[in-house]
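Trainee: Structure in structure tokens, see below.
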Amino acid sequence: MATQDIAAALARVRSVLERRPQIGLHDDAPAIARWQGGTRIVASHANGAEVRTDMPSELGGSGDQVTPGWLVRAGLAACTATRIAMGAAVEGIELKSLELQATSRTDTRGLLGIAEADGSRVDAGLRDIELVVRIAAPGVPPERLRALVEEAQRCSPVACALEAEVPIAMRIEVV
């Protein structure tokens, strides 16, 4: 889709949401994860798209698929890149290139339920995340591009979810 088409689509949605803000809150498409044996999982979307995951061989997997943790980083990078592209379209900025790299650190002890020497819990979650953005747009001042990227991160749903403490409600159905 061309930049002007994206800008026009976003303007239409913005106009509707400004008139009827209540329709902005909606249920997202569920992600269904199905065990395939071992540590292999297939996550699927209602539209038929699938993503396969597995753990590295050190953790009992085959190591031939991406890990669920990598999907978190990929989701952050892709979501933020999408929001940057959307913001650029709205501002009439023609991007020449855009690349995001998301890195993080975790402590595998948390995944395995291993406690610290003093008995305290080791968190299995991400310790830190770094997002490197490489962006180019001919004739656009660097300050404007930095502002575009910063605003995009503030409006990126995945970035916002990772920065907030979003409660996870769990319902267990034994079949």
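Trainee: Compute log10 of I(q)/I(0) for the chain with the Debye formula, placing one identical point scatterer on every Cα and leaving out solvent, at q = 0.09, 0.14, 0.20 Å⁻¹, to two decimals.
Mentor: These q points yield log10 I(q)/I(0) values of -0.45, -1.00, -1.47.
Trainee: So which GluC sites (Glu not before Pro) in segment 100-175 pass both tests, a DSSP loop state and at most 14 other Cβ atoms within 10 Å of the Cβ?
Mentor: Counting only loop positions with at most 14 other Cβ atoms within 10 Å, the GluC sites (Glu not before Pro) in segment 100-175 are E116, E165, E173.
Trainee: Which residue, A49, A77, A102, has the most motion in a Gaussian network model of the chain that connects Cα atoms within less than 10 Å?
Mentor: A49
Trainee: Starting at the first residue of segment 97-105, write each ³J(HN,Hα) from the Karplus equation 6.51 cos²θ - 1.76 cosθ + 1.60 with θ = phi - 60°, in whole Hz, x for Gly and Pro.
Mentor: So the J values, rounded to whole Hz, are 8, 8, 9, 10, 10, 10, 10, 8, 10.
Trainee: May I pose another question? Could you give the length gained on full extension between H26 and Q101, defined as 0.36 nm per residue of separation minus the Cα-Cα distance, in nm?
Mentor: Working: separation 75, 0.36 × 75 = 27.00 nm, distance 2.92 nm.
24.1 nm is the gain from fully extending H26 to Q101.
Trainee: Which residue, L98, L59, L25, tops the fluctuation ranking in a GNM of the chain built on C-alpha contacts under 10 Å?
Mentor: Judging by the Gaussian network model, the answer is L25.
Trainee: Suppose we take every Cα in segment 30-90 and form the convex hull; what volume per residue is that in Å³?
Mentor: With only Cα atoms used, segment 30-90 gives 96 Å³ per residue.
Trainee: Restricting attention to segment 1-102, which trypsin sites (Lys or Arg not before Pro) occupy a DSSP loop and are surrounded by at most 14 other Cβ atoms within 10 Å?
Mentor: For trypsin sites (Lys or Arg not before Pro) across segment 1-102 that sit outside H, G, I, E and B with at most 14 neighbouring Cβ atoms in 10 Å, the list reads K96.
Trainee: Tell me, what % of the accessible area of the chain is carbon and sulfur with a 1.4 angstrom probe?
Mentor: Details: 7010 of 12650 Å².
Using a 1.4 Å probe with all protein chains present, the chain comes out at 55 percent carbon and sulfur.
Trainee: Just how large is the dipole of the chain about the Cα centre, in debye to the nearest 20, putting +1 at every Lys and Arg Cβ and -1 at every Asp and Glu Cβ?
Mentor: 420
Trainee: For the charge dipole of the chain, defined by +1 on Lys and Arg C-beta atoms and -1 on Asp and Glu C-beta atoms about the Cα centroid, which residue among V42, V66, A117 has the Cα displaced farthest towards the positive pole?
Mentor: The one lying farthest along the dipole's positive direction is V42.
Trainee: With a 1.4 Å probe and all protein chains left in place, how much accessible area per residue does the chain have, in Å²?
Mentor: With the other protein chains kept in place, the chain gives 72 Å² per residue.
Trainee: Further, regarding this structure: Once phi is turned into θ = phi - 60°, what whole-Hz ³J(HN,Hα) does the Karplus curve with 6.51, -1.76 and 1.60 give for every residue of segment 28-36, x standing for Gly and Pro?
Mentor: 7, 4, x, 9, 9, 10, 10, 5, 10
Trainee: What does the accessible area of S120 come to, in Å² to the nearest 10, when a probe of 1.4 Å is used?
Mentor: Surface open to solvent at S120 totals about 50 Å².
Trainee: R144 versus L71, label points 7 Å from Cα toward the beta carbon: distance in nm?
Mentor: Label-label distance for R144 and L71, simple model: 3.9 nm.
Trainee: To the nearest Å, what is the center-to-center distance of segment 124-175 and segment 32-69, using C-alpha atoms only?
Mentor: Centre-to-centre (Cα) distance: 23 Å.
Trainee: Ok, one more. Apply the Karplus parameterisation 6.51 cos²θ - 1.76 cosθ + 1.60, with θ equal to phi minus 60°, to every residue of segment 157-170 and state each ³J(HN,Hα) to the nearest whole Hz, in sequence, with x for glycine and proline.
Mentor: Each residue of segment 157-170 in turn: x, 5, 4, 5, 5, 6, 7, 9, 8, 7, x, 10, 8, 10 Hz.
The values are calculated or read from the model by the stated rules, or taken from the named source; none is laboratory data. Quick caveat: nothing in here was measured; it's all calculated off a predicted structure. Quick reminder, even Gly has a Cβ in these numbers, built from the backbone with ideal geometry, and neighbours come from all protein chains shown. Ligands, DNA and RNA are excluded from the accessible area calculation, which covers all protein heavy atoms including side chains. Shrake-Rupley method; radii C 1.70, N 1.55, O 1.52, S 1.80 Å.
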